[in-house]
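Readers should treat all values here as calculations from the given coordinates under stated rules, not as data from a laboratory. Computed from a predicted model, the values in this text were never measured in an experiment. Please note: Cβ atoms are built from the backbone with ideal geometry, for glycine as well, and neighbour counts cover all protein chains shown.
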Amino acid sequence: MSIAYTPWPESFAQKYRKKGYWTDRPLLDLIDNAPHENIAVICGEKSFSYRDLCLQSKRLAIYLQELGLRKGDTALVQLPNIAEFYVVFFALMRLGVAPVNALFSHNKMELTAYATQIEPKIIIASDEHALFHDGAFFNTLSALSKELQHALIVGKSEWAETLENILGSSTSTLLTATPSKADEVAFFQLSGGSTGTPKLIPRTHNDYFFSVRRSTEICHFTSATTYLCALPCAHNFPMSSPGAFGIFHVGGRVVMSPSPDASTCFKLIERHQVTVAALVPPALALWLQAAPTNKTALSSLQLVQVGGAKLSESLARQVPDVLGCQLQQILGMAEGLVNYTRLDDDLDTIVTTQGRPMCSLDEVKVINEAGEEVTVGEIGELATRGPYTIRGYYKAPEHNTKVFDSEGFYHSGDLVRRNDKGYLTVVGRDKDQINRGGEKIAAEEIENFLLRHELIMHSALVSMPDSMMGEKSCAFIVPKIASHGMKSLTLRKYLRGLGVADYKVPDRFEFIDSLPLTPVGKPNKVALRELIRQRLQLTSQLDKTL
Ligand code: J2J
């Protein structure tokens, strides 16, 4: 059985194959074809060669095969930045089992939403996450999702089987399973989202493999490249742009970092002679602050890639001098399209644009509200289709009709300007999302949680400017009664109690009597953003005068 998804029309599939973009090879080739002796991943004091990754993923695949996992099944995976993330991923690839790789910061609500959508047979998680210290959450999930029968823990566990145990035991069973076909769903990426339920992005072997391969060419990755994986390893950026998968494709090495903070990363860079790192803008800002006193630690660094949220030109300009390496900007999306500034671009292009599409068959339209293409230099919404951009979210027919047009273009909700060379600059957003330094928050999801609170009548989540994060989130709350007694702290506790990921908990709450409305009666978020901007300005002016 294969997993249903919206396929590319046959004429497009033919075009992508003819051009050599789709090669009909499984993602498993990334490690199975790599030079086996080379070190693939360094994680703490452990290092994994490509042979280790192959053997361990095979051993795990045999165990999962014995459990009864079959092609077309799904798995819910949540692991921190550890090498085992890749062992697990490729074990699942060997069986044709498609995982959702939740972020480690995700909590009950997110995991439940994913499990409800994919009905996984197994959860593979870490003992480092509080949700998996005992079997309670697993039991709750398996009561909701009848397919869910198994749990596997990376680390120690008293209630579930552990990876360590499996890898430490021998077996005479042969692996008989094979990967899913290259034009079938390999795994699901996570959408930043703008709707109540987080949407899942089905990625096929063909499309993902192409985006990885092409990315390695653009970024000049070779077997001598040492890549620092400091962003959450399940995110599309460190996974595929070119990320760890790009490294595997060329036989280089990945160094896992538990966090993107400067002191942790600088030590790893120096110790392992890292050549490339990928960051979101707030992490880059901290690196720029810490670098002047750590210059020698960074001497191996050749390239810093920055994406996920808008990088200011002033920070961008500091990179060559302060970090002593080159900057590359990336505008990517888990739905597909990735734009890169090129390594031989002039400095102005690198610091003022977020790059151009990675291949000639990426079709990009910049359109106005009527759906017509605007001219060079004008602002419009970025819409795209191409060999690695999905044609539909997983099991979301209604939402798909809204964000994919009749020609199959994905409407990204990003407001951009395109220059005469095809480079894009992000200038804003036309989607109900907050981009908190690269972490995406779907406003509707949080508003719905808030509306469940017995004292809340209306809620609206909007972005507010923040010097470090670019944006933070502000929830406007209309209480049901005037003497509500609600405080920010109680609402924060309430959301955490529901099990919402921490980064989605609003940074600020504003209580108001009524929400300003648009002419069609929706909360006027433009007005609310302006309101919070003014209030913040006032507070900072007061702070200065005191
Ligand atoms: C402004 N906004 C940006 C940028 C993404 C590589 C890099 C990033 C992602 C990613 C990715 C931006 N400037 N440089 O998947 O492979 C915002 C846009 C975009 C959304 C996608 C990759 N780079 N963005 O961030 O799926 O709004 O992917 O539509 O998490 O992030 O978010 P996501």
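Residue 297 passes every criterion in (1) in a helix (DSSP H, G or I); (2) within 14 Å of the ligand (Cβ to nearest atom); (3) among the hydrophobic types (A, V, I, L, M, F, W, C) apart from (2).
Test residue 482 against the stated conditions and say whether it is hydrophobic (A, V, I, L, M, F, W, C) and more than 16 Å from the ligand (Cβ to nearest atom). Taking the combined requirement at face value, the residue satisfies it.
One residue stands out among those in region 345-383 that are within 24 Å of residue 280 (Cβ to Cβ) and among the hydroxyl-bearing types (Ser, Thr, Tyr): the one that is nearest to the ligand (Cβ to nearest atom), which is 353. Residue 223 - would you say it is more than 13 Å from the ligand (Cβ to nearest atom) and either more than 26 Å from residue 106 (Cα to Cα) or among the aromatic types (Phe, Trp, Tyr) (or both)? Here the answer is yes, as residue 223 does meet what is asked.
When 79, 92, 103 are screened for being under 15 Å from the mean Cα position of the chain (by Cα) and buried (at least 24 other Cβ atoms within 10 Å of the Cβ), only 79 passes. One residue stands out in region 198-242 among those that are among the aromatic types (Phe, Trp, Tyr) and touching a residue at least 60 places away in the same chain (Cβ under 8 Å): the one that is nearest to residue 17 (Cα to Cα), namely 210.
Only one of the listed residues (180, 194, 169) is polar (S, T, N, Q) and in contact with a Gly (Cβ under 6 Å, 6 or more places away or on another chain). That residue is 180. Out of 441, 446, one residue alone is among the β-branched types (Val, Ile, Thr), away from the ligand (no atom under 16 Å from the Cβ) and touching a residue at least 40 places away in the same chain (Cβ under 8 Å). It is 446.
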